[in-house]
Amino acid sequence: MRNFNFYNPTRILFGEGQIASLAQHIPAGSRVLVTHGGGSIFQNGVWEQVEQALSSYPVSRFGGIEANPQYTTLLRAVAQAKADESSFILAVGGGSVIDGSKFIAAACAYSGEPFDLLCGTRAEQALPLGCVLTLAATGSESNGNGVVSHAERQQKLPFFSPLLFPRFAILDPRTTFSLPPRQIGNGVVDAFVHTLEQYLTYPSDAPLQDRYAEGLLLTLIEEGPKALANPEDYNVRANLMWCATQALNGLLGCGVPQDWATHLIGHELTALYHLDHAQTLAVILPALLAERRDAKHAKLLQYAERVWGLRKGSPDECVDAAIHATEAFFQRMGVATRLSAHGLDAEAIPEVLAQLQRHGMLALGEHRDIDLATSERILLRAL
Ligand SMILES: NC(=O)c1ccc[n+]([C@@H]2O[C@H](COP(=O)([O-])OP(=O)(O)OC[C@H]3O[C@@H](n4cnc5c(N)ncnc54)[C@H](O)[C@@H]3O)[C@@H](O)[C@H]2O)c1
């Protein structure tokens, strides 16, 4: 096992009714800016609960943070937060609202050009941030990462600061009942691929991390389809929500090699062709596993046996069957696994490669050996 430095200060408030406890976790006297997306919180009762819980604070609201939050939208929120002298940001939504709110929190406390924060300048100050999660997927509710899109530059820009871990995250599974099937599928696929990015690499003598990852994968496989079939099953939603948080709160990746090539190639597909984040993962991951089957052979075999129960046949047959089972699972969650399903053909690939080159993505994966030629082969397999 490798050395690691694990830090996660986010308080998790899990379960039905927890929104009512908001006032216990936001410092008295704070001027709260509530950030949200397109308006689902007004239809599913979440806003009512938040408004009631915050009745003792001065509250302002910034809505309209879109999926794959846009830099220009977030700058407007920063201007509002400054004008309102906000001292606490409460993000109410999915990964996009939370990521966007992390940027707002950092940019409000930054005296330079806000874009610097997306180009490697790490936030050294930030407004405190909390969140009410409404979509189980990204883990953003309990990590210090964010991704902001810049439409004009066709870029998705990741950033990180330990100051951007939410102070608390309210995880009430009932808030997810109103998700449309597309977002249920996306959420399960996202959490599944986050887990695989930290598991399906090469053996590193970390059996606890392996079994932790396998536990998350098995739970997602069991519970994911149930959420599609019965969207208001509280326990199913609760288990999925807790899986998604743990898939990217930092603990799973401790002491093990990590891949993340699927995400980095996927980001370019979103920036160029506007696929949902998880749609890109479902397309790239099976193709990447097929392309990298030799480098990942030992862990693919372990994955085949322990996660999919595949023991019959030659090792190669088991690996093939595991990749096939992964793809079939994504499809069962309603998420397509081919570029062609999104109307993209081979003509789309050169621009993805050009973007990877522009962004310096020339040595990806756990061995840093996925060069542009390998990325091209992965994309061709994904057609
Ligand atoms: N910070 C991280 O660690 C991390 C990790 C992975 C992905 N991301 C980023 O997060 C973003 C994706 O976030 P996401 O998958 O959570 O989706 P999202 O936040 O983009 O939301 C998707 C859609 O679902 C709607 N929605 C959210 N909650 C709802 C509810 N309860 N009922 C009805 N509709 C609801 C939103 O309004 C939006 O239209 C991408 O930009 C991705 O790159 C961040």
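The values are calculated or read from the model by the stated rules, or taken from the named source; none is laboratory data. Note that the coordinates shown come from a computational prediction; the quantities given were computed from them, not determined experimentally. Cβ sites come from the backbone with ideal geometry, for glycine too, and all protein chains shown count toward neighbours. Areas reflect the complete protein model, heavy atoms only, side chains present, ligands, DNA and RNA absent. Shrake-Rupley method; radii C 1.70, N 1.55, O 1.52, S 1.80 Å.
Data for the structure
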read-out: Which listed residue, of 178, 140, is closer than 25 Å to residue 221 by Cβ, surrounded by fewer than 22 Cβ atoms within 10 Å (Cβ to Cβ) and near the ligand (Cβ under 7 Å from one of its atoms); value: 178
read-out: Residue match in region 109-125 (condition: out of contact with any strand residue (DSSP E or B) (no Cβ under 6 Å at 6 or more places or on another chain) and closer than 14 Å to residue 170 by Cβ); value: no
read-out: Residues of region 363-383 satisfying the condition of being within 16 Å of residue 292 (Cβ to Cβ) and not in a helix (DSSP H, G or I); value: 363, 364, 365, 366, 367, 368, 369, 370, 371, 382
read-out: Only one of 72, 121 that is free of Cβ contacts under 8 Å to residues at least 12 places away in the same chain, open to solvent by 40 Å² or more (accessible area, probe 1.4 Å), assigned by TED's automatic domain parsing to the domain that holds residue 171 and among the β-branched types (Val, Ile, Thr); value: 121
read-out: Filter pass, residue 351 being in contact with a Ser or Thr (Cβ under 8 Å, 6 or more places away or on another chain) and either over 25 Å from residue 137 (Cα atoms) or not in a helix (DSSP H, G or I) (or both); value: no
read-out: Conditions (1) within 14 Å of the ligand (Cβ to nearest atom); (2) farther than 14 Å from residue 382 by Cβ; (3) touching a Ser or Thr at 6+ places or on another chain (Cβ under 8 Å); number of the one not met by residue 282; value: (2)
read-out: Flag for residue 304 being within 19 Å of residue 262 (Cβ to Cβ), in contact with a Phe, Trp or Tyr (Cβ under 8 Å, 6 or more places away or on another chain) and crowded, with 17+ Cβ neighbours inside 10 Å; value: no
read-out: Some residue of region 185-204 being within 11 Å of the ligand (Cβ to nearest atom), charged (D, E, K, R) and in a helix (DSSP H, G or I); value: yes
read-out: Positions within region 158-171 being more than 10 Å from the ligand (Cβ to nearest atom) and buried (at least 20 other Cβ atoms within 10 Å of the Cβ), in sequence order; value: 165, 166, 168, 169, 170, 171
read-out: Number of the exception - residue 65 against (1) free of Cβ contacts under 8 Å to residues at least 40 places away in the same chain; (2) over 20 Å from the mean Cα position of the chain (by Cα); value: (2)
read-out: Test set (1) open to solvent by 10 Å² or more (accessible area, probe 1.4 Å); (2) in a helix (DSSP H, G or I); (3) among the hydrophobic types (A, V, I, L, M, F, W, C); (4) free of Cβ contacts under 8 Å to residues at least 40 places away in the same chain - residue 298 fails condition number; value: (4)
read-out: Residues that are buried (at least 16 other Cβ atoms within 10 Å of the Cβ) and more than 9 Å from the ligand (Cβ to nearest atom), drawn from region 124-137; value: 126, 127, 128, 129, 130, 131, 132
read-out: Subset of region 20-48 (residues that are of a type in the set (D, E, K, R) and more than 15 Å from the ligand (Cβ to nearest atom)); value: 31
read-out: Region 72-87: number of residues that are within 13 Å of the ligand (Cβ to nearest atom) and in contact with a Ser or Thr (Cβ under 9 Å, 6 or more places away or on another chain); value: 1
read-out: Matching residues in region 24-37 - criterion: being surrounded by 14 or more Cβ atoms within 10 Å (Cβ to Cβ) and of a type outside the set (Ser, Thr, Tyr); value: 25, 26, 31, 32, 33, 34, 36, 37
read-out: Counted residues, region 49-71 - those being under 21 Å from residue 161 (Cα atoms) and away from the ligand (no atom under 15 Å from the Cβ); value: 0
read-out: Exclusive hit being in contact with a strand residue (DSSP E or B) (Cβ under 6 Å, 6 or more places away or on another chain), modelled with pLDDT of 95 or more and open to solvent by 40 Å² or more (accessible area, probe 1.4 Å), set 251, 264; value: 264
read-out: Within region 88-115, considering residues that are open to solvent by 10 Å² or more (accessible area, probe 1.4 Å) and among the charged types (D, E, K, R), the one farthest from the ligand (Cβ to nearest atom); value: 113
read-out: Residue 200, sole failed condition from (1) touching a residue at least 24 places away in the same chain (Cβ under 8 Å); (2) open to solvent by 30 Å² or more (accessible area, probe 1.4 Å); (3) over 13 Å from the mean Cα position of the chain (by Cα); value: (2)
read-out: Single residue of 86, 21, 55, 60 found to be assigned to a loop (DSSP other than H, G, I, E, B) and either touching a strand residue (DSSP E or B) at 6+ places or on another chain (Cβ under 8 Å) or among the aromatic types (Phe, Trp, Tyr) (or both); value: 86
